[in-house]
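A short write-up of the structure that comes next.
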Amino acid sequence: MPLSIDIVLPCLDEADALPWVLSRIPDGARAIVVDNGSVDGSPEIARDLGAQVVHCPQRGYGAACHAGLMAAQAELIAFCDCDASLDPRDAVRLAVVLRERADLVVSRRRPVSRSAWPMAARLANRELARRVRRRTGVHIHDVGPLRVARRAELRALGLTDRRCGYPVETIVAAAQAGWRIEQVDVAYTPRIGRSKVTGTLRGSMQAVRDMSGVLAQ
């Protein structure tokens, strides 16, 4: 049976990356670009390249993901960064694993170069993954930004985080619901443009606080 999948791409000023990202959307998949307040023309570029554009005035990664989840209509939904660090075509590989034996599939980033993933961010993610394993018992080594699940079931989880804790909340809530969770390796390349999270000290600290807050609940 052909895969029915919507790929949600949270977007904040990704005009330079969008052409590459949207050119990699797999055949049969639909790109949903969720604009989170861009001022560089990202929504217009995405629309011109054939993506569905959803505007999310509430700032925050989780808010953008939630808006994309509400707009999605396909059986399966993927979330993928919109900065060209991940190849949207990998969503299909994760979706195949989901169909065969899982309820949630999370990427494990394998950087192709040192510049792809700054060491400070890598170490912070490693510690976060350790804490997620301890909290859930799920064999996770990366709280990866590429994730695939069944749309209806994900909506039913009732995720509430609207900031950077959304990926952690997804894994924790899925584990508590008894979901089968798998992790799949994906290539991780240098992003196009500057990161709004790990690219700044303030952004990195806020991300850590958001994710730690989810685990403390």
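A short reminder: the numbers here are calculations on the coordinates, not readings from a lab. What you see is a predicted model; the values in this text were computed from it and never measured. A quick note on method: Cβ atoms are made from the backbone with ideal geometry, for glycine too, and the neighbour counts reach across all protein chains shown.
Quick notes on this one:
- Student exercise, region 5-216 dipole from Lys, Arg, Asp, Glu Cβ charges, in Debye to nearest 20: 920
- Hypothetical label at Gln73: residues of region 1-41 whose amide nitrogen lies under 20 Å (7 Å Cα-Cβ projection): 2-10, 25-35
- From least to most packed, judged by other beta carbons within 10 angstrom and beginning with the fewest, Cys11, Cys56 follow the order Cys56, Cys11.
- Which of Val34, Val97 has the fewest Cβ neighbours within 10 Å, and the rest in rising order: Val97, Val34
- Given charges at Cβ of Lys, Arg, Asp, Glu: the chain dipole, positive-most of Ala177, Val148, Val138: Val138
- Computed FRET value (nearest 0.05) for Ala156 with Arg110, which takes r as the C-beta separation and R₀ as 22 Å: 0.10
- Distance from the Cα centroid of region 71-100 to that of region 33-53 is 19 Å (rounded to whole angstrom).
- Given their separation in residues at 0.36 nm each and the Cα-Cα distance between them, Asp40 and Arg194 gain 54.1 nm when the chain is fully extended.
- Unit Cα scatterers, Debye sum, the chain: log10 I(q)/I(0) for q = 0.07, 0.16, 0.18 Å⁻¹: -0.18, -1.08, -1.44
- Relative contact order, percent, region 75-181 [alpha-carbon distance under 8 Å, six or more residues apart]: 38
- Anisotropy class of region 40-119 from Cα gyration tensor, a/c 1.5 cut: oblate
- Relative contact order computed over the chain (Cα-Cα under 8 Å; 6+ residues apart), in percent: 24
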